[in-house]
Structures are given as C-alpha cells and as structure tokens.
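K.L.:
Starting off with a structure, shown below.
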Amino acid sequence: MIYLGSKLDTVKWFWLWKASSFLLGLIATGMFQFWPHSIESSAEWSLDRRSVHDAPLVRIPVSSPIPERGDLSCRMHTCFDVYRCGYNPKNKIKVYIYPLQRFVDEVGVPISSTGLSREYNDLLSAISDSDFYTDDVTRACLFIPSVDVLNQNSLRIRETAQALAMLPRWDKGMNHLLFNMLPGGPPDYNTALDVPRDRALLAGGGFSTWTYRQGYDVSIPVYSPLSAEVDLPEKQPGPRRYFILSSQTAIHREYRVELERLKEENGEALLLLDKCSNLSQGLASIRKRCYKGQVYDYPQILQESSFCVVLRGARLGQATLSDVLQAGCVPVIMADSYILPFSEVLDWKRASVVIPEEKLPEMYTILKSIPHRQVEEMQRQARWFWEAYFSSMKAIGMTTLQIINDRIYPYAARTYEEWNNPPVVKWSSVNSPLFLPLIPPRLPGFTAVVLTYDRIESLFRVITEISKVPSLAKLLVVWNNQNKSPPEESLWPKVAVPLKVVRTKENKLSNRFFPFDEIETEAVLAIDDDIIMLTSDELQFGYEVWREFPDRLVGYPGRLHLWDHEMGKWKYESEWTNEVSMVLTGAAFYHKYFNYLYTYKMPGDIKNWVDAHMNCEDIAMNFLVANITGKAPIKVTPRKKFKCPECTAIDGLSLDQTHMVE
C-alpha cells in the first residue's frame, strides 16, 4: 500500500484519470476533501513490530481471481460462521488483523493512491489495543484486512478486490470485516463500496435501504477530521441564538433555493451559510463559513443554533452529521432512504429529527411544534452520541465490534438503556427485574411506601394493618405536605419494623415513585393512606403473587381502558367487570427498578404532566412497566370492594368526578 514514486512516470495516464475522479470526489464530499491523510512519511503502526515502510511488497498478477460483487442476501446465519467464535467466559469475539503488506500491480503501481491513511491507522491501532484483539489467527472469530478501503476515491477497484482475494484466510470473505466511509464514485455514487468483496461484512458510511443488509452490515458514521482538530466545549442545553442553521457548502441547487425561501420567510431565526468565496482554498478555508460577506468560524458556529440541517450530498453519509452532534445541535436529517449510523442500537428519535426531503418547505413549522424541554433533551443526547460513538476512529471501531459481538453473544448483549442512556444516573444497587431469579427469595420481604398529605387517622390505621404482614421489612411514609409537619414521634403507631418519614420539597404525586435510598428490598408496596380495607393476609398473598411475577405490577383495584369505535375515543372504566387492563398503584407491588425508570427515564413530558395535573400517575406507571416488559399487570382480588365510606371528595383526589374524566 506504499506509493512508489519511481514508477509514476510510467503510468501518467492512470494518475491523470485518478486526479480527475478525485477532484469530482472533492466537490461531492464538501469539507471532507482533505480526508484521509497519508501517514507514510511520519507515523508508524506495527502490530508485528514493523513500520509501514518495512511492510513486504506483494505483486498482484493480472490473472489473480476477483471476488464476487457481494451477496445482498447475506445474513449472520447464512454468510457468517459463528462456530469460529466458540465459547469464551468473557463473551468477547476475537479479532485478527492481517499483517501490513504493500500491494502493487505487475508494473509496481500501488492499489491505493494514499496508502495507509491516518484514520485507518488509528482504527487498526485501537482494535489492536482492545480486548477484542488476538494475534493468534487460529482463535480469531473476525478478520480485518490491513488493506485500507475507507475512501473509495483513492482505490483501484479491480486491484483492491484481487488483493483481498489473496488474503490467506479470505474463504470468499467469510467472517471478514471491511471499513468504508466514502463509498461509490462519479457519476452515480453507489451507496455501498464498489469493491467486489464476496461475503465480507461491510461497516459502511453511506448505506441506503437498497444496499444495507439488515442484521449483517453495520452502518457507521463518516468520520469528521475536525473532531480531532477542533475542541468544542460542551454547551448547556437550551435556547440558542439561531433556531435553524445550514452550514453545508455542496448541497443541491434545489435545496439551497428552498432554504433561501425559508430564510426570507423567517428572517433571523434561520442562518444560511455557504463557502467563503473571498478566502483562498486550503485547510483554513474549510473551517470558515460565510453569509453576505460575514465570516463565521466552523464548526464553532454550530453551537449557536438549536437545530442544524444535514442534507444529503452526492453521498448519503455526511461528515457534517458528526460536526453537528459535537456542537450539541439537534440534527435535522433529510436524506431519504439513508440508514443512520449505528441505527441497529441507537434510538435516533431521541437525538435528531428526520424529515423526508419533500417536506423541506415545512421544516420550520415541524421544528416549531417540538416542545422546548424535548429540544433540550435532544441537544443533550446529540452531544452524548458524539462523545460515545462518533468522536474518534477508536469510538467508531469499538462500537462496530460491540454491535457484531452482541449479535454473536445475544444473551450478554448490551441493553437499549446501556446503548442510549447517558451514564448520569448510577444504578449500581438496582437490578432489572427481567434478570432476577425465577422466584425471588421470601426474605428480606418488601418495603411499604405510603403516600400521605394530612389524613393522620386513616394513615395510622393503614400503618397498623400493614405492620401485621409477616413479610414487611420496612415502612416508609412519604409526607407530601409542605405546610404542615408530621406528627410527633410519640404519636405514631408502635410497629416491629423500621418506620421512616420522608418529607418532600414539593407536593407531587410522582414522589411516591422516587427511588429513595431507604428502599433496600427488591419489592415495593405502593399504598395510599386511605386503603384501610385490605387485611394483612390479603397483602401477604399479594406479595407471594409478586414473587412469582417480579417483573409485573401486582395490584388490587383494577381498571379497564379500551377504544370505543362508536364514540371514536378512549374509554377508561372503573366498574368491576371481568376485564382488566391496569391495576392502580394505590395498592400495588412492583420491583424498585421501576422507581428509577419512572423518575429518570420516563419518555417525553409524561412525568411533568402528572405532577402538573395531580392525576394519572398510576396510568403512567402501568404504561411504563408494560412498555419495558411487554407484559400485562396482574390483579389480586380482595375480599371487599374498594370503597372509602369515610372519605369525601374534599379528602381524596380520586373521589372527585372530574378526576376520573381527566
């Protein structure tokens, strides 16, 4: 892969052709034009303690076989030999990197005009330093060629394919992984690497729905060299100077015309930047953008906008996406059929807005409809996506290998939360109920969490009855009244288990689901201070039922929600029937894991709505558990019907008829 300057004069026709195609590529790739960088003159990479310069020269005979184009029907169970991976205690695939070789044709012309790029060098170095790497080819599950195919612009297609076929373990590409970020070439710019590659997996930077083999290939980002060259400190989420910003310099004329029309309609809310015609071309110019003679620093200007447009170019994958994420700007992606990077595991709805290209005229209206709080969450998520998965060639490479690893060892795969949740909340003491033993042990029992405001007499009756339950481990009273202090300690019922009173700062229904440190048991009984009709044996029976179904809500009062086709709306019924779809959390057992999900991971504005309306926290918890587990709640039938004859509408929220309607 080393460029042989002494041979250049003999093949001028080839380099003239390559130069012309490369110039077209520069235009199509916009500010990516100075990537990749050759490392031949300076850096070294030596898995086998050899420098690039010492790599052996391999000549490719003209008659060397060429792999097949690529099988679009390939899937992990048809084109990948999982038996090579075997079992290992760490559930980690082993990756072998071929030794460096310099492939040239019969007259000595290299197969690549750039040799080993700095980016590919960083990628291979990161893999060689990881737990995935092995230097024992017999232990390898996955093979990575040292042939750099990141940028198709720099490759001779036929000769590169022949070089791949010459690899000793090629075997029609079985269990081989190729990394490519700039696929295709003029004039059609295919969305996948044009190099024939047999059955090899492709980590590609511009897949469309037509070329992406779901569950086999991995869609990766197009790396932005500015990630390493420009330091953008994280900016706090919130309103920015501009609402929408467009910074791409090589977008189609029709798109630019439409963006200019939006600019005319919305004025200063939209900043439409282009390349600076008054600056000399070079490395400095790619870090500048202009609007009517005013020069802006790029990518710093991206931090001044809430939303940043990412339009397709000649290629679907754009390095601009990485720059936008780094700036904490919410990308507005308009590239029909584009397979977003790492979309197999990343939830892009949380960090971006994807709009069909034909909806470009409606972009401003669509973005204005997104609530401010959601925009802030998306800004925060965008920045975290960049830090975790886009920021370096190492991050891109490790994420790719982890995705493949999760396919091969699905029982040890990362969860949705691990892929998509920033590590802000540490749940070191909390286990998901989905991975509990089949039946949790009877000890240490459950913690009863009683939400109260100021119904002292009813509260004390509830505490007295609960304290008789054999499996009760602790009583936690959540005092939700900021205007009145709880009773003195001497007035509380005498119970045989610890009783702790927690005073809240605000009167919120969601306080009942806060993950208090005092909750040390797996099981939680949420109960209202007016549920005086449940006996100790009924509560004990409910706990025993929960032990058999620890990933479900197990409760007593039931509700039914269903769609009324005649009225064209949802119905919510509290009548006692044989149909139940929810159980109220006024008396329900559940795993404490769901307290963390409710408090920190509840989607959208649901939790805020509940607190603002003092209503529907039980519906929210039912939907949360059902969405996480895919399972229905379980109703335990008490002896008595749930009524509170001593309560009035003034005493209890749920007794007010408007509460039910809402």
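K.L.:
Tell me, yes or no, whether the stretch 528-542 has at least one residue that is in a loop (DSSP other than H, G, I, E, B), open to solvent by less than 40 Å² (accessible area, probe 1.4 Å) and of a type in the set (Gly, Ala, Ser).
P.N.:
no
K.L.:
Any idea how many residues of the stretch 170-191 are closer than 30 Å to Thr138 by Cα and assigned to a loop (DSSP other than H, G, I, E, B)?
P.N.:
Summing the residues that are closer than 30 Å to Thr138 by Cα and assigned to a loop (DSSP other than H, G, I, E, B) in the stretch 170-191 gives 4.
K.L.:
Can you pull out the residues in the stretch 543-563 that are more than 36 Å from the chain's Cα centre (by Cα) and not in a helix (DSSP H, G or I)?
P.N.:
Scanning the stretch 543-563 gives Tyr556, Pro557.
K.L.:
Given Ser130, Ser113, which one is of a type in the set (Ser, Thr, Tyr) and either under 21 Å from Tyr389 (Cβ atoms) or open to solvent by less than 10 Å² (accessible area, probe 1.4 Å) (or both)?
P.N.:
Selected residue: Ser130, the only one of Ser130, Ser113 that is of a type in the set (Ser, Thr, Tyr) and either under 21 Å from Tyr389 (Cβ atoms) or open to solvent by less than 10 Å² (accessible area, probe 1.4 Å) (or both).
K.L.:
Next up: Can you tell me which residue among Asp171, Asp136 is over 22 Å from Val58 (Cα atoms) and open to solvent by 30 Å² or more (accessible area, probe 1.4 Å)?
P.N.:
Residue meeting the stated conditions: Asp136.
K.L.:
Can you name every residue in the stretch 268-282 that is modelled with pLDDT of 90 or more and of a type in the set (A, V, I, L, M)?
P.N.:
Of everything in the stretch 268-282, those that are modelled with pLDDT of 90 or more and of a type in the set (A, V, I, L, M) turn out to be Ala269, Leu270, Leu271, Leu272, Leu273.
K.L.:
Now, a different point. Looking only at strands (runs of 3 or more DSSP E) that lie completely in the stretch 287-334, which have at least 1 residues being in contact (Cβ under 8 Å) with a residue 60 or more places away in the chain and among the small types (Gly, Ala, Ser)?
P.N.:
Of the strands (runs of 3 or more DSSP E) lying wholly inside the stretch 287-334, those with at least 1 residues that are in contact (Cβ under 8 Å) with a residue 60 or more places away in the chain and among the small types (Gly, Ala, Ser) span 305-311.
K.L.:
I would also like to ask the following. If you scan the stretch 491-522, which residues turn out to be assigned to a loop (DSSP other than H, G, I, E, B) and among the β-branched types (Val, Ile, Thr)?
P.N.:
Listed by number, the residues that qualify are Val495, Val497, Thr504, Ile519, Thr521.
K.L.:
Out of Asn431, Asn421, Asn405, I need the residue that is modelled with pLDDT under 95 and crowded, with 17+ Cβ neighbours inside 10 Å. Which one?
P.N.:
Asn421
K.L.:
Here are some residues: Phe446, Phe385. Which one is under 24 Å from the mean Cα position of the chain (by Cα), within 27 Å of Pro515 (Cα to Cα) and modelled with pLDDT of 90 or more? Spell out how you get there, then give the answer.
P.N.:
Numbers: Phe446 fails: under 24 Å from the mean Cα position of the chain (by Cα).
After applying the criteria, what remains is Phe385.
K.L.:
Determine which single condition Phe516 fails, assuming it passes every other condition in (1) modelled with pLDDT under 90; (2) open to solvent by less than 30 Å² (accessible area, probe 1.4 Å); (3) of a type outside the set (Asp, Glu).
P.N.:
(1)
K.L.:
Which residues, taken from the stretch 568-607, are touching a strand residue (DSSP E or B) at 6+ places or on another chain (Cβ under 7 Å), assigned to a loop (DSSP other than H, G, I, E, B) and of a type outside the set (A, V, I, L, M)?
P.N.:
Passing the criteria: Ser574, Thr577, Glu579, Ser581, Thr585, Gly586, Lys592.
K.L.:
So, in the stretch 335-357, of the ones that are free of Cβ contacts under 8 Å to residues at least 40 places away in the same chain and more than 23 Å from Gly215 (Cα to Cα), which residue ends up least open to solvent (accessible area, probe 1.4 Å)?
P.N.:
Out of the qualifying residues, it is Ile355.
K.L.:
Open to solvent by 10 Å² or more (accessible area, probe 1.4 Å), part of a loop (DSSP other than H, G, I, E, B) and not acidic (Asp, Glu): is that true of Ile370 in this structure?
P.N.:
yes
K.L.:
Inspect the stretch 574-583 for any residue being without any contact (Cβ under 8 Å) to a residue 40 or more places away in the chain, closer than 24 Å to Lys607 by Cα, touching a Leu at 6+ places or on another chain (Cβ under 7 Å) and of a type in the set (Val, Ile, Thr) and give the result as yes or no.
P.N.:
Within the stretch 574-583 (the criterion being without any contact (Cβ under 8 Å) to a residue 40 or more places away in the chain, closer than 24 Å to Lys607 by Cα, touching a Leu at 6+ places or on another chain (Cβ under 7 Å) and of a type in the set (Val, Ile, Thr)), the answer is no, since none of the residues qualifies.
K.L.:
I'd like the full set of residues that are open to solvent by less than 10 Å² (accessible area, probe 1.4 Å) and either acidic (Asp, Glu) or within 19 Å of Leu167 (Cβ to Cβ) (or both), limited to the stretch 101-110.
P.N.:
Listed by number, the residues that qualify are Phe103, Val104, Pro110.
This table checks each residue for (1) basic (Lys, Arg); (2) crowded, with 19+ Cβ neighbours inside 10 Å.
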{"position": "Gly215", "(1), (2)": "no, no"}
{"position": "Val222", "(1), (2)": "no, yes"}
{"position": "Leu232", "(1), (2)": "no, no"}
{"position": "Ser246", "(1), (2)": "no, yes"}
{"position": "Arg256", "(1), (2)": "yes, no"}
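K.L.:
Also, quick follow-up: Of everything in the stretch 241-258 that's more than 21 Å from Ser285 (Cα to Cα) and of a type in the set (Lys, Arg), which residue is nearest to the chain's Cα centre (by Cα)? Reasoning before the result, please.
P.N.:
Restricting attention to the stretch 241-258, the residues satisfying the condition of being more than 21 Å from Ser285 (Cα to Cα) are 241-244, 253-255, 257-258.
Now drop any that are not of a type in the set (Lys, Arg), which leaves 241, 253.
Working: Arg241: 27, Arg253: 33 Å.
Selected residue: Arg241.
K.L.:
Which condition breaks for Gly604 when tested against (1) open to solvent by 60 Å² or more (accessible area, probe 1.4 Å); (2) modelled with pLDDT under 85; (3) at negative phi?
P.N.:
Condition not satisfied by Gly604: (3).
K.L.:
Something else: Of the numbered conditions (1) over 20 Å from Ala55 (Cβ atoms); (2) without any contact (Cβ under 8 Å) to a residue 24 or more places away in the chain; (3) of a type outside the set (Phe, Trp, Tyr), Asp129 satisfies every one except a single condition; which is it?
P.N.:
(1)
K.L.:
Here is a further query. Among the residues of the stretch 258-291, what is the count of those that are open to solvent by 40 Å² or more (accessible area, probe 1.4 Å) and over 20 Å from Ser305 (Cα atoms)?
P.N.:
7
Okay, residues lined up against (1) over 43 Å from the mean Cα position of the chain (by Cα); (2) in contact (Cβ under 8 Å) with a residue 12 or more places away in the chain:
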residue: Thr452; (1), (2): no, yes
residue: Arg455; (1), (2): yes, yes
residue: Leu459; (1), (2): yes, yes
residue: Ser471; (1), (2): no, yes
residue: Gln482; (1), (2): no, yes
residue: Pro487; (1), (2): yes, yes
residue: Lys494; (1), (2): yes, no
residue: Leu499; (1), (2): no, yes
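Each row is one residue, and each column tells you yes or no for (1) modelled with pLDDT of 95 or more; (2) part of a helix (DSSP H, G or I); (3) open to solvent by 30 Å² or more (accessible area, probe 1.4 Å); (4) among the hydrophobic types (A, V, I, L, M, F, W, C).
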| site | (1), (2), (3), (4) |
| --- | --- |
| Lys359 | yes, yes, yes, no |
| Glu362 | yes, yes, yes, no |
| Gln379 | yes, yes, no, no |
| Ala395 | yes, yes, no, yes |
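K.L.:
A follow-up question, please. If I ask for residues that are farther than 21 Å from Tyr216 by Cα, of a type in the set (D, E, K, R) and modelled with pLDDT of 95 or more, which ones from the stretch 157-190 would you list?
P.N.:
Arg158, Glu159
K.L.:
Now, a different point. Can you name every residue in the stretch 630-647 that is closer than 30 Å to Pro603 by Cβ and either assigned to a loop (DSSP other than H, G, I, E, B) or modelled with pLDDT under 85 (or both)?
P.N.:
Gly630, Lys631, Ala632, Pro633, Val636, Phe642
K.L.:
Moving on to the next point. With the structure loaded, tell me whether Val195 is open to solvent by less than 20 Å² (accessible area, probe 1.4 Å) and of a type in the set (Val, Ile, Thr) or whether it fails that test.
P.N.:
Answer is yes for this residue.
K.L.:
Follow-up. I need the full set of residues from the stretch 78-127 which are touching a strand residue (DSSP E or B) at 6+ places or on another chain (Cβ under 9 Å), farther than 20 Å from Gly397 by Cα and among the acidic types (Asp, Glu), in order please.
P.N.:
If the condition is that a residue be touching a strand residue (DSSP E or B) at 6+ places or on another chain (Cβ under 9 Å), farther than 20 Å from Gly397 by Cα and among the acidic types (Asp, Glu), then Asp105, Glu106 are the ones that fit.
The values are calculated or read from the model by the stated rules, or taken from the named source; none is laboratory data. On a predicted model such as this, the values are computed, not experimentally measured, just so you know. Glycine also receives a Cβ, built like all others from the backbone with ideal geometry; neighbour counts cover every protein chain displayed. Quick note on the areas: whole protein, heavy atoms, side chains included, nothing else; ligands and nucleic acids left out. Shrake-Rupley method; radii C 1.70, N 1.55, O 1.52, S 1.80 Å.
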